[in-house]
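Before any comments, here is the structure.
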Amino acid sequence: MARFEFRLPDIGEGLAEAEVARWLVATGDRVTEDQPVVEMMTDKATVELPSPGAGVVVEQRVAEGDVVKTGAVLYVIETDAQIAAGGGSTHAEEPSRSAPATASVSENAGVLAPPAVRKLARELGVDLAAVKGTGPGGRISAEDVKGHTAAAPAAPATAAGGRRVRLRGVQKRMAETMTLSARTIPHVTGFHELDAGAFADLVTRLRRDAESKGARFPFDTLLVRAAAIALRRHPIFNSSLDDERGEIVMHEDVNVGVATATPDGLIVPVVKHADTLDLNALAAAVDRVTLAAREGKVSVSDVQGGTFTISNTGAWRGGLGTSLIRPPEAAIVAFGRIEEKAVVRDGNVVARPVMPMSVTFDHRMIDGEQGLSFALTLRSLIEKPEQLGA
């Protein structure tokens with residue numbers, strides 16, 4: 001028998017760490033090859049990591065809630081299978097050869113404490129770096145954590161009281177990304193109101209056609225199509241800024257992200273090569289990635305590579321608003337709910353379905369004239385949707 005240390009693999013571009021969301025097996029359980037063992041919550045998605053071979057899970061080196069770096073040991077499996085060492089390391093079974101529980105790299109890296117103690121510390125809001133361990137080599141026990149809590153001075157009372165909720169996974173990433181955006185990008189937003197009568201009629205017709213064939217046609221499909229066409233006509237909007245090299249990167253592919261609200265926070269799954277797909281394929285792609293995001297099943301590849309983002313707040317009765325650009329993208333467009341409004345047509349006040357639209361761009365790369373030109377292209381495509389190729 002050999003023991004294989006399963007390490008956290010590189011599960012996505014730019015993702016240097018992930019959080020242990022849930023163990024799917026217990027220590028001592030027998031697993032088969034490719035059976036999901038642990039669920040990891042990355043900055044962008046939740047991923048199940050399968051077993052590299054059949055065997056018995058003899059150690060779990062990290063606890064649920066631990067944040068571990070790529071390459072950290074997650075668990076040890078005892079197996080007869082020949083497993084490639086790409087995702088871990090293998091050694092013959094010998095006494096005391098397995099690494100200690102502190103081999104995992106977490107938010108208290110370098111602190112000697114087993115996973116159960118780390119979990120207790122998180123639940124009590126204790127910083128393990130401030131706890132003096134009484135075990136061998138300064139190892140921290142549960143009693144040390146509890147004793148530290150009892151000895152700590154009471155926190156000053158607040159006027160409102162309340163409880164604290166730790167930022168995790170998608171919410172944490174959302175907070176970091178939006179903070180980076182607000183701090184580093186000079187945002188400029190233009191507000192527009194579009195006559196969406198023909199657009200809404202077309203969506204209704206295409207949705208009925210799709211349903212008659214047992215398919216689905218999400219409303220966002222035509223918004224993605226309009227954005228993709230506009231991006232080809234205005235390539236500066238399909239770019240990003242390389243701060244370190246002082247260069248604007250003009251992307252060849254048009255990969256449109258669709259901002260999607262989920263119970264865990266905002267996720268932006270990406271429709272790849274959106275400008276090359278026909279409407280049926282585009283509808284299927286939009287439906288697949290947004291549904292997977294809402295159900296917490298989106299893959300890492302589905303949230304990578306975006307070059308532009310759309311946000312549709314119409315489902316929540318949203319109107320005009322300013323959106324934050326997702327770094328390193330150059331712009332974002334937001335659409336609101338279509339509602340009847342009084343407008344002037346041919347000198348008469350009439351009721352028309354109006355859709356709010358806000359185009360926000362990075363003023364370091366895009367000037368006001370370019371921003372308005374892009375917005376007017378979107379307006380034309382939506383108000384005269386026969387240009388969308390339906």
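The values are calculated or read from the model by the stated rules, or taken from the named source; none is laboratory data. Nothing here was measured: the structure is a model prediction, and the numbers come from that model. For neighbour counting, all protein chains shown are included, and Cβ atoms are generated from backbone atoms with ideal geometry for every residue, glycine included. The protein model used for the area step is the full one, side chains on, heavy atoms only, and it has no ligands, DNA or RNA in it. Shrake-Rupley method; radii C 1.70, N 1.55, O 1.52, S 1.80 Å.
Things to note:
- Contour excess over end-to-end distance, with Cα ends at Asp10 and Thr184 and 0.36 nm allotted per residue: 59.9 nm
- For the stretch 192-321: rounded, prolate or oblate by the Cα gyration tensor [a/c cutoff 1.5]: prolate
- Potential lengthening of the chain between Leu376 and Asp80 amounts to 100.1 nm, from the contour at 0.36 nm per residue minus the alpha-carbon distance.
- Label point of Leu320 set 7 angstrom out along Cα-Cβ; within the stretch 347-390, amide nitrogens under 16 Å from it belong to 354-361, 372, 375-376, 379.
- Peptide ranges 369-380, 327-338 listed from the most packed, as the mean C-beta count within 10 angstrom indicates: 327-338, 369-380
- Less than 5 angstrom separates the built amide H of Gln304 from those of Val270, all sequence-distant by 5 or more or on a different chain.
- Using a Förster distance of 35 Å, the FRET efficiency for Glu176-Ala351 (Cβ separation, nearest 0.05): 0.20
- With an a/c value of 1.5 or above and a/b not larger than b/c for the gyration tensor axes a ≥ b ≥ c computed over the alpha-carbon atoms, the stretch 164-220 is described as oblate.
- Amide hydrogen proximity for Leu74: with H placed 1.01 Å from N in the peptide plane, the residues at 5 or more positions away or on another chain lying under 5 Å are Phe6, Arg7, Leu8.
- Two-site label geometry, Glu383 and Ile248: point separation in nm, points 7 Å out along Cα→Cβ: 2.7
- With protein chains left intact and a 1.4 Å probe, residues in the chain average 50 Å² of accessible area per residue.
- Expressed as a whole percent, the accessible area of the chain that falls on carbon and sulfur atoms is 51 (1.4 Å probe).
- Overall form of the stretch 204-266 per C-alpha gyration tensor (a/c, 1.5; a/b vs b/c): oblate
- Our coupling estimate for the stretch 184-192, obtained by passing each phi through the Karplus curve with A = 6.51, B = -1.76, C = 1.60 and θ = phi - 60°, is 10, 10, x, 7, 10, 10, x, 10, 9 Hz, Gly and Pro reported as x.
- Counting lysine pairs in the chain whose alpha carbons fall under 14 angstrom apart, excluding pairs fewer than 8 residues apart on the same chain, gives 4.
- Working note: Karplus 6.51/-1.76/1.60 with θ = phi - 60° gives the stretch 332-337 the couplings 8, 10, 10, 10, x, 6 Hz, where Gly and Pro are set to x.
- Computed on the chain, with alpha-carbon pairs under 8 angstrom and 6+ residues apart, the relative contact order is 15 percent.
- Karplus (6.51, -1.76, 1.60) ³J(HN,Hα), θ = phi - 60°, over the stretch 250-263, in Hz, Gly and Pro reported as x: 8, 7, 6, 8, 9, 10, 9, x, 10, 4, 10, 7, 10, x
- Residue separation of Ala281 and Arg30 scaled by 0.36 nm, minus their Cα-Cα distance, works out to 86.2 nm of gained length.
- Interchain or long-range residues, amide H under 5 Å from Glu33's placed H: Ala54
- Only helical runs count toward this figure. For the chain, summing -39,500 (n - 2.57) over DSSP H runs of n ≥ 4 and dividing by all residues gives -8000 deg cm²/dmol at 222 nm.
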